[in-house]
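Colleague: Provided herewith is a single structure, encoded as structure tokens, for subsequent inquiry.
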Amino acid sequence: MIDRVGRLTSVTEDHVSKASAEFKLSITRALADQLLEKLANLDPVPLTSDNLEALQPRPGIYELFLNGGDGSKERVYVGKASKELPSRLDKHRRKLSGRAHINLTDVHFQCLYVDEDLEAAAPEKMLINRYRAAGVVPWNTNGFGNNDPGRKRDHSLVKAKHFDALYPANLDLILDGATLPPGEYTIKRYLKAVKTALPFNLRYEERTASAKDYTQHKVEVPEEPLTARELIALAIDALPEGWQATALPGYVILYYESDDYESARYLWRKQDGRAHELAGKNLRDEDGEVEEEESNDE
């Protein structure tokens, strides 16, 4: 009897198991599917000031595309704007305008306005996970969205896969009088003006005793347009010997020092009364992976 009951119980459980299952509602998967469907119906447009001005100043998510050689558009980056899409996208536009090996006319974007209630679900991360699984959005993992790494990281060997290594700061970019008016400047005012004018970061010494040189020396900005590298040399030429400007892959630094940075592309030092541009070591970490930081979307 026990065996018979046991056999009946086993048969019954097996039979019922085929008629039952567990259901778990995946809100994130459903949301990602809807986002992808909505984005698929959009047509990317060039990343220009005019197109950005036509956007509404609302939060949302966006995608960047890069034109391929065959006329196709490669999806390279997904991001979000917690406050206003136009200002966030304009930061990307300005950054890309100052990079070598890339033409801003080849960069396009598309975006979705997103309600504040939806932001907590991190919709951009859902999209990034989907796209990364498909082997796309390379700029989401190569440091494109990273901020200034800070003084402690200046000596780090830059990864060969890093965005800054692939698309370094364009030192031959020309700045005209509209962005940097001609005239006499103290070094302090000059560096501040150049930092504002450049589409890549210029970080310089400010809080040490050496920084007093900024107020004691002056520089004359000529009428004719100058390149970024000429503007850097102009500062070194006006400062006393001992100052050094260093062009790292993605930004430029200026400190009172004499240091050979591993990843430096160029150095500027004053010797024999004038500024000299020197070749840096320009080394890269060929094997290391890029450390991606949480992007500041403000």
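The values are calculated or read from the model by the stated rules, or taken from the named source; none is laboratory data. Remember, it's a predicted structure, so these values are computed and weren't measured experimentally. All Cβ positions, glycine included, derive from the backbone under ideal geometry; neighbour counts span all protein chains shown.
Colleague: For segment 201-211, check the following and say yes or no: at least one residue is assigned by TED's automatic domain parsing to the domain that holds P240, surrounded by fewer than 17 Cβ atoms within 10 Å (Cβ to Cβ), over 17 Å from the mean Cα position of the chain (by Cα) and at pLDDT 95 or above.
Modeller: No, every residue in segment 201-211 fails to be assigned by TED's automatic domain parsing to the domain that holds P240, surrounded by fewer than 17 Cβ atoms within 10 Å (Cβ to Cβ), over 17 Å from the mean Cα position of the chain (by Cα) and at pLDDT 95 or above.
Colleague: Any residue at all in segment 255-270 that's in contact (Cβ under 8 Å) with a residue 40 or more places away in the chain and of a type in the set (A, V, I, L, M, F, W, C)?
Modeller: no
Colleague: Please note which helices (runs of 4 or more DSSP H) are completely contained in segment 64-142 and include at least 1 residues that are surrounded by fewer than 18 Cβ atoms within 10 Å (Cβ to Cβ) and of a type in the set (G, A, S).
Modeller: Working: elements: 85-97, 116-119, 123-133.
Per the criteria, 85-97, 123-133.
Colleague: So, of the residues in segment 225-239 that are β-branched (V, I, T) and buried (at least 20 other Cβ atoms within 10 Å of the Cβ), which turns out to be farthest from L173 (Cα to Cα)?
Modeller: In this case the residue turns out to be I236.
Colleague: Could you please give the count of residues in segment 94-118 that are more than 15 Å from D164 (Cβ to Cβ), touching a strand residue (DSSP E or B) at 6+ places or on another chain (Cβ under 8 Å) and either at pLDDT 95 or above or not aromatic (F, W, Y) (or both)?
Modeller: 9
Colleague: Something else now. So which residues in segment 64-95 are under 19 Å from the mean Cα position of the chain (by Cα), within 28 Å of L171 (Cα to Cα) and without any contact (Cβ under 8 Å) to a residue 60 or more places away in the chain, if there are any at all?
Modeller: F65, L66, N67, P86, S87, L89, D90, K91, H92, R93
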